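Below: the structure, in structure tokens.
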Amino acid sequence: MATTEDIVKLRKRTNCGMMDCKAALDACNGDLDKATEWLREKGMAKAAKKADRIAAEGLVTSYIHMGGKIGVLLEVNCETDFASKSEQFAQLCKDISMHIAAANPRYVKREEVPAADLEHEREILKQQALNEGKPANIVEKMIDGRIKKFYEECCLLEQPFVKNPEQTITDLINETVLKIGEKISVRRFVRYEMGEGLEKRNDNFAEEVMNQAQGK
């Protein structure tokens, strides 16, 4: 039987509803870690069921880093205008915008990576592995593992969330799906960095945003 204390702890850890937290703890015999995973899996399952539904409402939101050094425009979609005005949806958009400013993803998801760019990356990784003296028969397996890392570095949905690196942006979205009961999708974003492409002194604005997001 889940205790009120454990329910509160799990709610703080996951931001899920009290009844969902109770159900998770009951299903996992009061184990907080297992209950956390149970809620994540439940969120992913619910999100998968909603994947084919139409999400044409939502918000275009912005984030400007303190001092105006980095700016982000982001479009996140949901199914209804009602959900787009909810506190949970607005917080999700804010968190993703700040994450984009800090982590500087290049694409929303891996399917957006151009085939030519992916092939170029695979060739670089292949040469790196061969230069490390790895046997040719295991190089391809190594490349597959490193390509996964490449996706995690450049695709928004696969990046570790800057405020909580234990979850990805997809995990963060699925948590909100669980709360509002609608499909949510990130459609597009644009990130601007002041003076990008111009010759200038090496200010690491992205690191500043990362530290701010993590409360440092």
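The values are calculated or read from the model by the stated rules, or taken from the named source; none is laboratory data. All of these numbers come straight from a predicted model, not from anything done at the bench. Note: ideal-geometry Cβ built from the backbone for every residue, glycine included; neighbour counts use all protein chains shown.
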### Query
Is the stretch 74-85 home to any residue that is at positive phi and either free of Cβ contacts under 8 Å to residues at least 12 places away in the same chain or touching a helix residue (DSSP H, G or I) at 6+ places or on another chain (Cβ under 9 Å) (or both)?
no
(Q) Could you go through the stretch 107-130 and let me know if any residue there is β-branched (Val, Ile, Thr), surrounded by 12 or more Cβ atoms within 10 Å (Cβ to Cβ) and at pLDDT 90 or above. (A) yes
Those residues of the stretch 42-70 which are within 18 Å of the chain's Cα centre (by Cα) and modelled with pLDDT of 80 or more amount to 58, 59, 60, 61, 62, 63
### Task
Would you mind stating whether residue 100 is among the aliphatic types (A, V, I, L, M) and more than 20 Å from the chain's Cα centre (by Cα)?
no
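How many residues, within the stretch 161-216, are in a loop (DSSP other than H, G, I, E, B), modelled with pLDDT of 90 or more and either exposed (fewer than 14 other Cβ atoms within 10 Å of the Cβ) or among the basic types (Lys, Arg) (or both)?
Residues that pass the stated criteria total 1.
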Exception for residue 66 within (1) outside any helix (DSSP H, G or I); (2) in contact with a strand residue (DSSP E or B) (Cβ under 9 Å, 6 or more places away or on another chain) falls at (2)
